[in-house]
1. If amide hydrogens are placed 1.01 Å from N in the peptide plane, which non-local residues have theirs closer than 5 Å to the one on SER154?
2. Pulled fully out, how much extra length does the chain show between MET89 and LYS133, if you take 0.36 nm times their separation in residues and subtract their Cα-Cα distance?
3. Residue by residue through region 135-144, which ³J(HN,Hα) values in whole Hz follow from phi under the Karplus form 6.51 cos²θ - 1.76 cosθ + 1.60 (θ = phi - 60°), with glycine and proline marked x?
4. Short version: ³J(HN,Hα) in whole Hz for each residue of region 202-209, in order, from phi by Karplus 6.51 cos²θ - 1.76 cosθ + 1.60 (θ = phi - 60°), x for Gly and Pro, what are they?
5. If we restrict to alpha carbons, what Rg and Dmax does region 119-220 come to, in Å?
6. If you filter region 151-230 for trypsin sites (Lys or Arg not before Pro), then keep DSSP loop positions with at most 10 other Cβ within 10 Å, what is left?
7. How high is the FRET efficiency from ASP109 to SER154, r the C-beta distance, R0 30 Å, rounded to 0.05?
8. Quick check: residue separation of ILE81 and ALA102 times 0.36 nm, minus the Cα distance between them. What number comes out in nm?
Amino acid sequence: WRPSKKVQMRRTGRDKTTFSLTVEQSSGAREPEPLMVSFLVDVSYSMHGQRIVDAMDGFQAVVKALRPSDLVYKFWTFDSIVKSHTGIMHLSKFDLQRASNAAKALANDSDHSTNCSTSLYDALKHVITTWPKNTEYKSLQKELIVFTDGGDNSSKTSLNDVEILLGHPQLANFHLILIGCGLDERTKARLEELCAPVHCKFFAEDADKTSIERAFHRSVQSIQSRRKLTLSLETSGGASADTAMIQNALQGLGLGALMGGGPAAVARGPGAGAALAIGGRGRSKPKIMEIEDDPAPSRRNRANTPPKVRP
């Protein structure tokens, strides 16, 4: 988990007040809600051999960074057609090895060697428009991770149509990560244009193993930066003791970057919104502040743009 927004911690009550610092995903949450992740991989013949192996190793790295309670909305492959290889299931029941074997078999199929069709736009449209819209999934953070090594050359869906779809996917909390490796400059430009919406990311890398690993590592970071959690800490004592104990606790959780220094330290909240609860026992009531995201402040004003805080 990586913090992305700043809020200021304010101390209330007397020096010996016990404090609770909470970074919340939603009201009453005690751990991150599950993510809903879908995987889409190019299996046209250009992906045969080491490239499909490296791609599947990358998806394995993503899976390792997820939680058993996270949901997988199908593992997909595409060339001239789109195929699903799993249903909807918890990550703990997802057999990535089986899905990986299916993808490798398709990419390395000798009868497949003349098929250089890459229907990327059709695949994106199919996965997004068939994503389940059940109420139980509505609030979940949705991540679609796509890997391709070439530009679209056979879709019935136009670039303009898929741009419109990605601009308004009709899915709450939807995010696209598109990894393109070994692409020519024209294809890079098209996919960068495709991923212009703020909820889309395009990572272009070379096609060697190290570069592919780097692209998937960046993907994991992107997903984790949006994952939200609840962190509750209680300390007592003077102002300096409280701050020191909170700092130590955060360091122990690998979240030391949340704190700056001193009683009025700066804390960072999750990228998709958070609540910072600072309150004491006894008569003092906790103060809850909700931090709103400012998704795209201009580069010129970013340094001086204060977070939006609602008491």
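1. Amide H to amide H, under 5 Å and 5 or more residues apart or across chains, SER154 pairs with THR118, LEU120.
2. Details: separation 44, 0.36 × 44 = 15.84 nm, distance 1.52 nm.
Roughly 14.3 nm would be gained on extension.
3. Result, rounded to whole Hz: 4, 5, 9, 4, 7, 6, 5, 10, 10, 10.
4. Once θ is set to phi - 60°, the couplings for region 202-209 become 10, 10, 9, 9, 5, 9, 7, 4 Hz.
5. In Å, with Rg to one decimal and Dmax whole: 13.7, 42.
6. Working: sites: LYS156, ARG186, LYS188, ARG190, LYS201, LYS209, ARG214, ARG218, ARG226, ARG227, LYS228; in loops: LYS156, ARG227, LYS228.
Answer by residue number: LYS156.
7. Values: r = 17 Å, r/R0 = 0.58.
After rounding to 0.05, the efficiency reads 0.95.
8. Values: separation 21, 0.36 × 21 = 7.56 nm, distance 1.46 nm.
Using 0.36 nm per residue and subtracting the Cα-Cα distance, I get 6.1 nm.
The values are calculated or read from the model by the stated rules, or taken from the named source; none is laboratory data. This one's a predicted model, so the numbers in the text were calculated from it and none came from an experiment. Heads up, the Cβs are rebuilt from the backbone with ideal geometry, glycines too, and the neighbour counts pull from every protein chain shown. These area figures cover heavy atoms from the full protein model, side chains too; ligands, DNA and RNA do not enter into them. Shrake-Rupley method; radii C 1.70, N 1.55, O 1.52, S 1.80 Å.
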